[in-house]
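A short worksheet on the structure shown next.
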Amino acid sequence: MFRRLGVRAAAGSALIVFTTIAVAVGLHAQSSTSKVITGAEIAKVLPPPEPSKAGTRFSKVIGWPEGLTPKAAPGFAVAPYATGLAQPRWLRVLPNGDVLVAESEGKLTASPNRITLLRDTKKAGKADQRSVLIANVRQPFGMLLKGDVLYVAGSDALWTYPFKVGDTSITSPGKKILDLPTGQYNYHWTRDVVASADGSKLFVSIGSGTNVDEEHDDRNEPRRATVIEVNPDGSGMRIFASGLRNPVGLAVNPESKALWAVINERDMLGDELVPDYMTSVKDGAFYGWPYSYYGQIEDPRKKGERPDLVAKAIPPDMPLGAHVAPLGIAFYGGSGLPDRYKNGAFVSEHGSWNRTRFNGYKVVFVPFSAGMPSGAPEDVLTGFIKDEATNEVYGRPVGIAELADGSLLIADDGGKCIWRVTKQ
C-alpha cells in the first residue's frame, strides 16, 4: 500500500500520516489521528491516473422503511423533521424559524421546480405545516434572504422575489437579475448563492458543463467551473475564482469571513482520483480544472494544452475523499451542540458513481481553528447505505442548515425527507 502511493514510510509518525492520507484519498482505511492533511500534502502522494481502470457503481435509492433512520454518531440523535417531500435538495432557515426547501431534480422533465415552506408551530422539532412558497422556478437550489428580498438561484438564472418573514406564499412572478449558464445536457445544474460577510456582494457557484471539457463546450462559457461575484442587484458580475470543476455548496467562515466551498472533482481517472475537496475560495485564484488537479498535477487528457494555467493552479485546502460528492457545507454557530463544534463545518457527502466501492453517503464534521481546518473529518450521520452488494441505499444527504435551537437539518433527496440532528 505504501509503495502504491509512493510514500517512504518511517516508523510511528509516518504511519499516522499515511493512514490519514489514505482516508483523505478514499482508500477505506481508518484514520488513527486527527492531523489535517492539506491539499498540497496530498498532491505529493496521489496515485498515478489509471483511466482504463476507472470503476463504476451506481446506487439504487429505495427510500427509508417506516421507523428506520440514519445512524447518528455517539453524542448525537437523529429523527425526521419532515417527510413526503419531492427531491428536497437545499435548505435555508429564516429568522422566525421557518424552513425553506428547494425541491428540484437534475432531469428537468421530472423536477418539482418549487420552494416549499415548512413551519414547526408547536416547537416540537418537527414541521407540522407546509405550503408552496414559489412554484415554477427552473430547478431552484440556492436561496438567500437579504432584507425583504428573497434570492433564488435556479439552474439558468438568479431571481429576486419580494418577501416578508412570516409569508407563506409568494404570488409575484419574480425578477430575473442575472442569466446563468446552462446547456442542452443540463450537466452540473446546481447553483448556490450566499452573501459576502459584509453583505455588499453575492457569490454564486456554477459547475462545469463537462467532465474535463474534451468537447470544448466550457471554453465558450467562461463562467463555467467558477464562483462568480455580483452586486445585490445583479450588476457588476465578475469571475471571483475559476478552475473549480463543480462547486456546489458555499458558506462564509464565521471567524475569517472567507468564502468556502465544497467541490466535486473530475471522473474517469481511477478509484482514488481525483479526491473531492473543501477549500477557501480565494479572489482571482485558479484551481486547475480541467488542465490539472491539486496544483500542477496535469490531467493526461489535457496534457500540454495550457501550461500557463497549470503553472498558476493552486491546491485546495482540504481533501475529503475520492468520489464522495460533497454537496452541502454549513459552519456551526449555535449552542445546541458541544463547544468543540463551534465554527466548525458540517459537510454532506452525497456519494458518487465513479468508483468500484461506494464512498461518501454520509455527513461529516470538520473541526476548525482560526478559520482553517484543525482536524480530520469525523462521521456524524451514516447508515445511508443498505447493501453495497446490491447497490441499494436508503437515501442521500444534500443540504445542511442550522435551526435556532442549535440542531441541524439535513435534506435527504433520495429519502424524500429532512432529518433533524440534535445533541443526545
Select the strands (runs of 3 or more DSSP E) contained entirely in segment 356-424, then report the ones holding at least 2 residues which are closer than 30 Å to SER52 by Cα and touching a residue at least 24 places away in the same chain (Cβ under 8 Å). 385-387
Being hydroxyl-bearing (Ser, Thr, Tyr) and more than 26 Å from GLY399 (Cα to Cα): is that true of TYR287 here? no
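Of a type in the set (D, E, K, R), part of a strand (DSSP E or B) and either within 20 Å of ALA325 (Cβ to Cβ) or without any contact (Cβ under 8 Å) to a residue 24 or more places away in the chain (or both): is that true of ARG57 in this structure?
Numbers: of a type in the set (D, E, K, R): yes; part of a strand (DSSP E or B): no; either within 20 Å of ALA325 (Cβ to Cβ) or without any contact (Cβ under 8 Å) to a residue 24 or more places away in the chain (or both): yes.
It is false that ARG57 is of a type in the set (D, E, K, R), part of a strand (DSSP E or B) and either within 20 Å of ALA325 (Cβ to Cβ) or without any contact (Cβ under 8 Å) to a residue 24 or more places away in the chain (or both).
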Filter segment 138-158 for residues that are surrounded by 15 or more Cβ atoms within 10 Å (Cβ to Cβ), in a loop (DSSP other than H, G, I, E, B) and either out of contact with any strand residue (DSSP E or B) (no Cβ under 6 Å at 6 or more places or on another chain) or of a type in the set (Lys, Arg) (or both) and give the result. ARG138, GLN139, GLY154, SER155, ASP156
Whichever residue in segment 404-424 is over 19 Å from the mean Cα position of the chain (by Cα) and of a type outside the set (Ser, Thr, Tyr) and, among such residues, is nearest to LEU117 (Cα to Cα): ALA404
Contact list please: Cβ distance under 6 Å, first residue in segment 192-216 and within 20 Å of GLY328 (Cβ to Cβ), second residue of a type in the set (Phe, Trp, Tyr), pairs at least six apart or on different chains. VAL193/TYR151; VAL194/PHE203
Return only the number of the condition from (1) buried (at least 24 other Cβ atoms within 10 Å of the Cβ); (2) within 17 Å of the chain's Cα centre (by Cα) that ASN253 does not satisfy. (1)
Restricting to segment 217-244, name every residue that is in a strand (DSSP E or B) and in contact (Cβ under 8 Å) with a residue 12 or more places away in the chain. THR226, VAL227, ILE228, GLU229, VAL230, ILE239, PHE240, ALA241, SER242
For segment 256-296, which residues satisfy the criterion of being among the hydroxyl-bearing types (Ser, Thr, Tyr) and either more than 19 Å from PRO377 (Cβ to Cβ) or out of contact with any strand residue (DSSP E or B) (no Cβ under 7 Å at 6 or more places or on another chain) (or both)? SER256, TYR287, TYR291, SER292, TYR293, TYR294
Extreme residue, surrounded by the fewest Cβ atoms within 10 Å (Cβ to Cβ), among residues of segment 297-308 that are of a type outside the set (D, E, K, R) and either touching a residue at least 24 places away in the same chain (Cβ under 8 Å) or in contact with a strand residue (DSSP E or B) (Cβ under 6 Å, 6 or more places away or on another chain) (or both): PRO300
Any idea which residue in segment 75-120 is farthest from the chain's Cα centre (by Cα), counting only those that are within 14 Å of ALA404 (Cα to Cα) and loosely packed, with under 15 Cβ neighbours inside 10 Å? ASN96
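Identify, from the list LEU273, LEU244, LEU269, the residue that is closer than 17 Å to ALA153 by Cβ and modelled with pLDDT of 95 or more. Let's see the steps before the verdict.
Numbers: LEU273 fails: closer than 17 Å to ALA153 by Cβ; LEU269 fails: closer than 17 Å to ALA153 by Cβ.
Just a single option satisfies the conditions, and that option is LEU244.
Considering segment 302-337 alone, what residues qualify as being assigned to a loop (DSSP other than H, G, I, E, B) and of a type in the set (Lys, Arg)? Steps first, answer last, please.
Here is the first cut: in segment 302-337, the ones assigned to a loop (DSSP other than H, G, I, E, B) are 303-306, 313-317, 323-325, 332-337.
Hits for segment 302-337 are LYS303, ARG306.
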Pull out all pairs, ordered by first then second residue, where Cβ-Cβ is under 7 Å, the residues are six or more apart or on different chains, the first lies in segment 270-290 and is more than 16 Å from ILE37 (Cβ to Cβ), and the second is crowded, with 23+ Cβ neighbours inside 10 Å and polar (S, T, N, Q). TRP289/SER208
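The values are calculated or read from the model by the stated rules, or taken from the named source; none is laboratory data. Computed from a prediction, not measured in an experiment: that's the story for all the values here. Backbone-built Cβ (ideal geometry, glycine too); neighbour counts: all protein chains shown.
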